[in-house]
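These notes are about the structure you will find just below.
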Amino acid sequence: MKILVLNCGSSSIKYKLFDMSSEEVMAQGGIEKIGLPGAFLKLTDKDGKKVVLEKDIPGHQEGIEFILSVLTDKTYGCIKEYNEINAIGHRVVHGGEQFASSVRIDKEVINKIIECSDLAPLHNPANLKGIYAMEALLPGVPQIAVFDTAFHQTMPSKAYMYGLPYEMYTKYGVRRYGFHGTSHRYVSKRACDILGVPYESQKIITAHVGNGGSIAAVLNGKCIDTSMGLTPVEGLLMGTRCGDVDAGALSFIMDKEGMDGAGLSTLINKKSGVAGLSGISSDMREIETAVAAGNERAIMTLDVYNYRIKKYIGAYAAAMGGCDILVWTGGVGENQWATRRVVCENMEYMGMKIDKEKNDGMRGEEMVISTPGSKVTIIVVPTDEEYMIASDTMEILSK
């Protein structure tokens, strides 16, 4: 069973081809700058080297045609014919309240994804372009939608409702949905597999921290709260997103700057967060370099970044009545050991003790980084959303 996983953005397509009989990644890569000058496909070849192939790519269908041609190419390919691909798994960002699990795509599902596009206007239409392209290029091959929001649909109303007039929810669906659900689901389950404990009886906090970041509280195998909201802006300080901010401050800024809704959206999504606060970069590696050089704004930004993570961990421990496992994942969570250490320090009151020798310098490995005496097991689990999408696709097709 060969499954192609696609993650289509507005101007990009990431892909991985899995052979699920051996759970092997046969091919992976991505296209950037669709519809723009200088479009290219970057892939990892059979020897593990990065290869860049430039090509004019006006749209998503042409991009996927290019990916399929590379997959069957004599030099870079791993299959002979397109029909060796048995199914396609798609990352779809927003499923609203319509989808609490992954589903096989049909006309009704497509219509519901379209209905949810108001909630994710930058993402869902791009995800649909990938679905339409595969329908045209590989007609009849099953397609599965795996939603970023689905894992969080188990949240109770006390966690997902905002203190706005109730009509805002009934008319427009304004509530907390959460994102990174595929990652939170994967790493929470994987942590329990590694530790040999039952998933259905644990209090788990998952910290998916990277350029985008969110925390989730997973109680007995179900998500009961998460830090992102109606959109991915809420919660943690992120690369260019502001995270939690007083809504009154936003209306104040709009008045002062003569800003409309589109301008505000650009401000909070693209000009804020680590980049806006530091004035340096959205890349935490560059922030760490500036901190080491004594840059005061970089130091302040990193303090805000780490403090926000610590607050959410404390809040979710309170919500669950404790915590058994803290899982770190995402680009920062897996690699930025200084953030893991700072966040976990002074948490001994809740039984959390980080092992600095194990933690410091450790990047991108599955590893327990708490002390043997820690009541809370702290573990790093590199995320694998693509594998989760392929696994869901396999499971749905086997029913």
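The values are calculated or read from the model by the stated rules, or taken from the named source; none is laboratory data. Bear in mind that the values here come from a model prediction, so they are computed numbers and not experimental data. Cβ atoms come from the backbone with ideal geometry, glycine included; neighbour counts cover every protein chain shown. Please note that ligands, DNA and RNA were not included when accessible areas were found on the heavy atoms of the full protein model with its side chains. Shrake-Rupley method; radii C 1.70, N 1.55, O 1.52, S 1.80 Å.
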TODO: Count charges around residue 45 for me, please; just the other residues with Cβ under 14 Å from its Cβ, Lys/Arg as +1, Asp/Glu as -1.
DONE: +3
- [ ] May I ask you to list the lysines whose Cα is less than 19 Å away from that of residue 356, ignoring any residue fewer than eight positions away on the same chain?
- [x] 310, 375
Open item on the list: With a 10 Å cut-off between alpha carbons and a GNM built on the chain, which of 73, 255, 283 moves the most?
Closed with: 255
Task: Above-threshold pairs, the threshold being 25 Å between Cα atoms, out of 49/271; 129/271; 203/358; 55/80 - done: 49/271; 129/271
TODO: Bin width 10 Å, alpha-carbon pairs only: give the P(r) of the range 335-391 as whole percents, running from 0 to the bin holding the largest distance.
DONE: 24, 46, 21, 9, 0
- [ ] Kindly provide log₁₀ I(q)/I(0) values, in the same order as q = 0.18, 0.21, 0.26, 0.32 Å⁻¹, from the Debye equation applied to equal alpha-carbon scatterers of the range 288-327.
- [x] -0.59, -0.66, -0.79, -0.99
- [ ] Compute the whole-percent fraction of alpha carbon pairs in the range 298-399 spaced more than 15 Å apart.
- [x] 65 percent
Open item on the list: Given all pairs of different Cα atoms, what value in angstroms does the Kirkwood hydrodynamic radius of the range 1-111 take?
Closed with: 15.0 Å
- [ ] Sticking with the crude label model, points 7 Å out along Cα→Cβ, report the distance from residue 82 to residue 345 in nm, one decimal please.
- [x] 5.6 nm
TODO: Under 18 Å Cα to Cα from residue 171, which aspartates and glutamates show up? Leave out anything in the same chain fewer than 8 places away.
DONE: 97, 115, 118
- [ ] Please give the net charge around residue 251, taking every other residue with its beta carbon less than 14 angstrom from that of residue 251, where Lys and Arg add +1 and Asp and Glu add -1.
- [x] -3
Open item on the list: Which of 228, 168, 26 ends up with the largest GNM mean-square fluctuation for the chain, with Cα atoms connected below 10 Å?
Closed with: 168
Task: Simple label model, 7 Å out from Cα along Cβ direction - residue 318 to residue 366, nm - done: 3.4 nm
Task: Separation between Cα centres of the range 242-267 and the range 321-361, rounded to whole Å - done: 34 Å
- [ ] Note the full-extension length gain between residue 1 and residue 97 as 0.36 nm times their separation in residues minus their Cα-Cα distance, in nm to one decimal.
- [x] 31.5 nm
Task: the chain - percent of accessible surface contributed by carbon and sulfur, probe 1.4 Å - done: 50 percent
Open item on the list: Just to verify a number: FRET efficiency for residue 358 and residue 300, C-beta to C-beta distance, R0 = 41 Å, to 0.05?
Closed with: 0.90
Open item on the list: Using 0.36 nm times the number of residues separating residue 47 and residue 157, minus their current alpha carbon distance, what extension gain do you get?
Closed with: 34.6 nm
Task: Cα gyration tensor shape for the range 143-293, rounded if a/c is under 1.5, else prolate or oblate - done: oblate
Open item on the list: Leaving out ligands and nucleic acids, and using a 1.4 Å probe, what accessible area per residue does the chain come to in Å²?
Closed with: 46 Å²
Open item on the list: Within 11 Å, Cβ to Cβ, of residue 152, how many net charges do the neighbouring residues add up to if Lys/Arg are +1 and Asp/Glu are -1?
Closed with: +1
- [ ] With the Cα gyration tensor of the chain in hand, give its eigenvalues times 5 under a square root as the equivalent ellipsoid semi-axes, listed largest first in whole angstrom.
- [x] 33, 26, 23
Open item on the list: Give me a comma-separated list of calculated 3J(HN,Hα) values for the range 37-44, in order, Karplus coefficients 6.51, -1.76, 1.60 applied at θ = phi - 60°, integers in Hz, x for any Gly or Pro.
Closed with: x, x, 5, 7, 10, 10, 9, 9
Task: Helix-only CD estimate at 222 nm, as mean residue ellipticity for the chain, using -39500 (n - 2.57) per DSSP H run (n ≥ 4) - done: -11500 deg cm²/dmol
Task: Gyration tensor verdict on the range 102-195 (Cα atoms; rounded if a/c is under 1.5, prolate if a/b is larger than b/c, oblate otherwise) - done: oblate
- [ ] Using 0.36 nm per residue of separation minus the Cα-Cα distance, give me the extension gain between residue 292 and residue 75 in nm, one decimal.
- [x] 73.7 nm
TODO: Would you grab the residues whose amide H sits under 5 Å from the one on residue 225? Only those 5+ places off in sequence or on another chain, please, with H modelled 1.01 Å from N.
DONE: 217
Task: Pairwise label distance in nanometres, residue 222 with residue 253, each label 7 Å out on the Cα-Cβ vector - done: 3.7 nm
